[in-house]
Amino acid sequence: SGALLEPLDGQTFVGWPQVEQTSESPEEWLLWYHARDEKDGQVAIGAAASANCIEWEHRGYCLTPGAAGAFDEASVSARCVVRDPASPARGSGKGWLMYYEGSDADGRAAIGLARSGDGLVWERASASPVLEPSAEPSAWDGGGVMTPWVVPLDDGSARMYYVGRALSGAR
């Protein structure tokens, strides 16, 4: 097909890729994506690895939807992976943060945070989202917050950009 990464059997698509170099010697790159499972319709985050950014090998799902009742029980999808500035091995490329979109059973989206030492095995930082929709019913982001993108700044802080959805569904 010409695609660099094809869906695995049972996946309807792979989308929204993000690539980061995780090692210089030997050279290694990781690509994170989200995919929908044909059987249950859930969306989960997967990973693939490459030594040349052309040939990719699937490494399976690295973050799946949360437990029943969780803010991310229905799906985990669009994400932004950045190096963890608090990681003791920062210079070695170890230590990653993933800000991700999670949806609950009602389809309300919030932004969660997961941590990883290697970029492949991820653990949620908390059972609660780091950013929730506004509590104000008329707010521009009262229906959901999604598609996070985090930009680390030189002073050690960071900015998060995201899409907000009103309760009316407008973005």
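Please note which strands (runs of 3 or more DSSP E) are completely contained in region 92-158 and include at least 1 residues that are on the phi > 0 side of the Ramachandran plot and within 18 Å of the chain's Cα centre (by Cα). It would help to see each step written out before you state the result.
Details: elements: 96-103, 109-116, 144-152.
Result: 144-152.
Residues are listed down the side, and each one gets a yes or a no for (1) within 18 Å of GLU123 (Cα to Cα); (2) aliphatic (A, V, I, L, M):
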residue	(1), (2)
GLU20	no, no
SER50	no, no
VAL76	yes, yes
SER87	yes, no
ARG108	no, no
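Let me confirm something: among SER87, SER126, which residue is hydroxyl-bearing (Ser, Thr, Tyr), farther than 30 Å from GLU24 by Cα and out of contact with any Cys (no Cβ under 9 Å at 6 or more places or on another chain)? Before you say what the answer is, go through the steps one by one.
Details: SER87 fails: farther than 30 Å from GLU24 by Cα.
The match here is SER126.
Sort through ALA139, ALA78 and tell me the only one that's under 30 Å from LEU8 (Cβ atoms) and small (Gly, Ala, Ser).
Details: ALA139 fails: under 30 Å from LEU8 (Cβ atoms).
It is ALA78.
Return the pair list, or none, for Cβ contacts closer than 6 Å from residues in region 90-109 that are over 13 Å from GLN18 (Cβ atoms) to residues that are among the acidic types (Asp, Glu) and at pLDDT below 95, at least 6 apart or on different chains.
From residues that are over 13 Å from GLN18 (Cβ atoms), the pairs are GLY95/ASP84.
Suppose the filter is over 19 Å from TRP149 (Cα atoms), at pLDDT 95 or above and not in a strand (DSSP E or B); does ALA49 pass it?
Working: over 19 Å from TRP149 (Cα atoms): yes; at pLDDT 95 or above: yes; not in a strand (DSSP E or B): no.
It is false that ALA49 is over 19 Å from TRP149 (Cα atoms), at pLDDT 95 or above and not in a strand (DSSP E or B).
Restricting to region 1-42, what's the tally of residues that are within 20 Å of TYR100 (Cα to Cα), in contact with a Pro (Cβ under 8 Å, 6 or more places away or on another chain) and either part of a loop (DSSP other than H, G, I, E, B) or without any contact (Cβ under 8 Å) to a residue 40 or more places away in the chain (or both)?
Number satisfying all stated conditions: 6.
In this structure, is GLU38 modelled with pLDDT of 95 or more and acidic (Asp, Glu)?
For GLU38, the condition - modelled with pLDDT of 95 or more and acidic (Asp, Glu) - is not met.
Scan region 52-83 for residues that are in a strand (DSSP E or B) and open to solvent by 70 Å² or more (accessible area, probe 1.4 Å) and jot them down. Spell out the reasoning first.
Initial filter on region 52-83 (in a strand (DSSP E or B)): 57-63, 75-83.
Listed by number, the residues that qualify are GLU57, ARG59, TYR61, ARG83.
From the list ALA127, ALA89, pick out the single residue that is surrounded by fewer than 13 Cβ atoms within 10 Å (Cβ to Cβ), more than 21 Å from ARG159 (Cα to Cα) and modelled with pLDDT of 95 or more. Break it down stepwise before answering.
Values: ALA89 fails: modelled with pLDDT of 95 or more.
Every option except ALA127 fails the conditions.
Only residues that are open to solvent by 10 Å² or more (accessible area, probe 1.4 Å) and touching a Gly at 6+ places or on another chain (Cβ under 8 Å): list them for region 12-49, please.
VAL14, GLU20, GLN21, THR22, SER23, GLU24, HIS34, ASP37, GLU38, LYS39 - these are the residues of region 12-49 that are open to solvent by 10 Å² or more (accessible area, probe 1.4 Å) and touching a Gly at 6+ places or on another chain (Cβ under 8 Å).
In region 130-168, which residue that is in contact (Cβ under 8 Å) with a residue 12 or more places away in the chain and under 14 Å from PRO85 (Cα atoms) is most open to solvent (accessible area, probe 1.4 Å)?
Filtering region 130-168 for residues that are in contact (Cβ under 8 Å) with a residue 12 or more places away in the chain and under 14 Å from PRO85 (Cα atoms), the one most open to solvent (accessible area, probe 1.4 Å) comes out as PRO152.
The values are calculated or read from the model by the stated rules, or taken from the named source; none is laboratory data. These figures come from a predicted structure and were not determined experimentally. Virtual Cβ from ideal backbone geometry, glycine too; neighbours counted across all protein chains shown. SASA here: full protein model, heavy atoms, side chains in, ligands and nucleic acids out. Shrake-Rupley method; radii C 1.70, N 1.55, O 1.52, S 1.80 Å.
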